[in-house]
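Each remark here refers to the structure printed beneath this line.
The values are calculated or read from the model by the stated rules, or taken from the named source; none is laboratory data. Quick caveat, the model's predicted, so the values are computed rather than measured. A quick note on method: Cβ atoms are made from the backbone with ideal geometry, for glycine too, and the neighbour counts reach across all protein chains shown.
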Amino acid sequence: MEELQTIFNEICGELTKANDVREKILSLSRLSVQKSSHAIKYLHRGDLQEAEKLISENKALIIEINELSNQMDQIRFGMILTCNQEYAEAVFLHSFLTQTPFPTYTDLQIPYLGYIHGITDFVGELRRVVLDTLRKEDDIEIVVSALDLMDDLYTLLLTIDFPDSLTYNLRKKTDFVRNLTERTRGDVTLALNRLQLVETFKEILEHKSSIVTKKP
């Protein structure tokens with residue numbers, strides 16, 4: 001988990017920088033809209049000199065806004081979000097099942113938002129691993145490991161606390177991860193209780209069988 005904590009810290013750093021740029025763009029945009037509105041009013045009044053002054057000032061603002069927006073390319077990659085997150089999801093599941101370290105988004109050469117959204121989808125795959133393992137009554141250690149990882153990932157996802165416009169509605173998916181984790185914990189508890197009852201029942205039957213066998 002230490003490597004994931006480091007990766008999440010790095011992503012939070014990137015999002016913090018992006019959020020600073022976003023806030024500056026929003027502030028400059030509001031100022032630009034005001035200048036445009038005032039320039040239009042002056043034009044309607046026939047005050048060309050004041051209008052041209054505002055338009056000139058606004059031109060400089062627009063140039064700055066557009067230059068700042070170029071720093072936010074990762075935030076505008078909606079068209080490629082799905083393929084990136086699906087790829088990340090597959091890699092994460094491979095890492096879990098092979099017990100190898102989770103790669104960074106730099107290793108995968110994908111945007112950090114694709115990486116984070118892949119994490120949320122990966123939690124669904126962990127639930128599937130848990131349910132399949134319980135159904136087969138297989139290695140309980142895998143169940144515990146997967147459930148612990150689901151908890152850890154949810155905790156890490158909570159640290160990505162940024163506006164939805166920066167994270168492509170990550171908050172909604174994080175809520176889904178919480179619900180999925182709670183449901184899985186409930187399923188595991190019920191299954192383990194059932195397995196415990198089965199074992200107890202077997203022990204009772206074996207005990208009765210041994211008593212019958214000992215009778216003359």
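Laid out as a table, the results:
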| read-out | value |
| --- | --- |
| Which numbered condition Thr133 fails, given (1) buried (at least 16 other Cβ atoms within 10 Å of the Cβ); (2) touching a residue at least 24 places away in the same chain (Cβ under 8 Å) | (2) |
| Any chance Ile55 is under 30 Å from Tyr112 (Cα atoms), among the β-branched types (Val, Ile, Thr) and either under 39 Å from the mean Cα position of the chain (by Cα) or surrounded by 14 or more Cβ atoms within 10 Å (Cβ to Cβ) (or both) | no |
| Failed condition for Thr100, given (1) out of contact with any Pro (no Cβ under 9 Å at 6 or more places or on another chain); (2) assigned to a helix (DSSP H, G or I); (3) of a type in the set (S, T, N, Q); (4) without any contact (Cβ under 8 Å) to a residue 40 or more places away in the chain | (2) |
| Contacts under 8 angstrom Cβ, first residue in region 41-67 being assigned by TED's automatic domain parsing to the domain that holds Ser27, partner assigned to a helix (DSSP H, G or I) and charged (D, E, K, R), 6 or more apart | Tyr42/Glu50; Leu54/Lys35; Ile55/Lys35; Glu57/Lys35; Asn58/Lys35; Leu61/Lys35 |
| Within region 103-129, considering residues that are assigned to a loop (DSSP other than H, G, I, E, B) and buried (at least 18 other Cβ atoms within 10 Å of the Cβ), the one modelled with the highest pLDDT | Pro103 |
| Boolean, Asp161 is exposed (fewer than 14 other Cβ atoms within 10 Å of the Cβ), outside any helix (DSSP H, G or I) and either at negative phi or in contact with a strand residue (DSSP E or B) (Cβ under 8 Å, 6 or more places away or on another chain) (or both) | yes |
| Selection status of Leu68, modelled with pLDDT under 90, farther than 30 Å from Asp152 by Cα and surrounded by 14 or more Cβ atoms within 10 Å (Cβ to Cβ) | yes |
| Residue satisfying all of: in region 147-158; buried (at least 19 other Cβ atoms within 10 Å of the Cβ) and at pLDDT 95 or above; farthest from the chain's Cα centre (by Cα) among these | Leu149 |
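Rundown of residues vs (1) touching a Ser or Thr at 6+ places or on another chain (Cβ under 6 Å); (2) of a type in the set (Val, Ile, Thr), yes/no style:
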residue	(1), (2)
Phe102	yes, no
Tyr105	no, no
Phe122	no, no
Glu125	no, no
Val129	no, yes
Lys136	no, no
Val143	yes, yes
